[in-house]
Amino acid sequence: MIITIDVPLGGGRSYPVLVGAEAVAGLAAILPKSAKRVAVVTQASIPIDPSTWALGREARTFHIGEGEPHKTLSTIETLCSAWSRWGMSRNDVVVAVGGGLVTDVGGFAAACYHRGIAVIHVPTTLLGMIDAAIGGKTAVNLPEGKNLVGAYWQPTGVVCDTTFLTTLPAAELRSGWGELVKYHFLEPTVQALAGHLLPVDGPAVAPLDDAQPEDVQIARCVALKAAVVAADERESGLRACLNYGHTLAHALEIATGFELRHGEAVAIGLIYAAELGFETGRISAERVAEHRDILGARDLPMRPPPGLDRSELITLMGRDKKALDGITFVLDGPHGIETVTGVAGLAMEAALSRM
């Protein structure tokens, strides 16, 4: 069974997200009819046949490097130059096949080339399916911070073919669980503030309902994110809640030279956000324990790697793209998950110490 979730946007715009085994068969219906060329952006470690994605059109595969060091403006320039030499027009389409790094880079390059051409995301990781490929946020890194240069560029569609997950290493699947756990804590906030935008025919299950098939849990996360994106496409309010756990996570990724997988960093960031919520009087010790219990049950990390400098982590958190008035956090509290500014340095230090 293929589950289809619609991501509604302003001005009558929308796009489908297909979730399920062999969902890639639905790609034909999403490709723009005007496209004569299909640029498949992927990595050498992902074995694909470009003719599978072209469906009778001319196709070329463009490989980008493995790992965050290749998520740069230089990679964007390389892609756009290659597309120009090939003769790609603004009527053509990019298909980004891979994890979150690939969909971020492919999406940003598509947003820049000819001031924007169509892009379809085919995420191959759990993390990509439930988060990176949905919502139109694309970006690359600078030496100073993660995802600091980018654009909002909504895809024409997203295909989450869960057969890709059967080939993932256990560590990569565990990384995806870091983001999936995030949705467990976000769901009450989304239901309260944007619940009316949840697809009525979407799967009415909790993100962490382990009695449900994997594709149903993935689809629920997609539906929750779709509701948030529909309510706040460009992160002027509600959408910031999707960054729960990410302020410290991004700092940890940079401080460790991206040795931590993103989902692992988010898991640690969720514990930090909970501890900081406790330090600032927003949540109880029991709520912090709930965070620890859920993450521990899935064998996710809950403390930063040893040897990191606390002052460096706080400096890096201050460079996060959410920073509005000093360091900006997304924290749990009596009104759900929301952005919080003006957190005292002593509270930040204390929360790190508690970890």
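A short reminder: the numbers here are calculations on the coordinates, not readings from a lab. The structure presented is a predicted model; accordingly, all values stated were derived computationally and were not measured. With ideal geometry, Cβ positions are generated from the backbone for all residues, glycine too; neighbour counts draw on all protein chains shown.
For the reader, a short list of remarks on this structure follows.
- Start at zero, step by 5 Å, and the Cα-Cα distances of the stretch 244-354 spread as 2, 13, 25, 27, 20, 11, 2, 0 percent across the bins.
- Compactness of the stretch 255-320 as Cα Rg over 2.2 N^0.38 Å, two decimals: 1.16
- Working note: 222 nm ellipticity from helices only, DSSP H runs with n ≥ 4, each -39,500 (n - 2.57), summed and divided by the residues of the chain, gives -12000 deg cm²/dmol to the nearest 500.
- Percent of Cα pairs exceeding the 18 Å cut-off, where the set is the stretch 3-170: 56
- Whole-number D in µm²/s for the stretch 148-282 (Stokes-Einstein; Kirkwood sum over Cα pairs; 25 °C, 0.890 mPa s): 152
- Intensity falloff of the stretch 291-355 expressed as log10 I(q)/I(0), Debye formula with alpha-carbon point scatterers, at q = 0.17, 0.19, 0.26 Å⁻¹: -0.77, -0.94, -1.25
- Each Lys and Arg adds +1 at its Cβ and each Asp and Glu adds -1 at its Cβ; summed about the Cα centre, the stretch 214-355 shows a dipole of about 120 debye.
- Compactness of the chain, taken as the C-alpha radius of gyration over 2.2 N^0.38 Å, stands at 0.96.
- Looking at the chain alone, DSSP beta bridges between its own residues are antiparallel in about 40 percent of cases.
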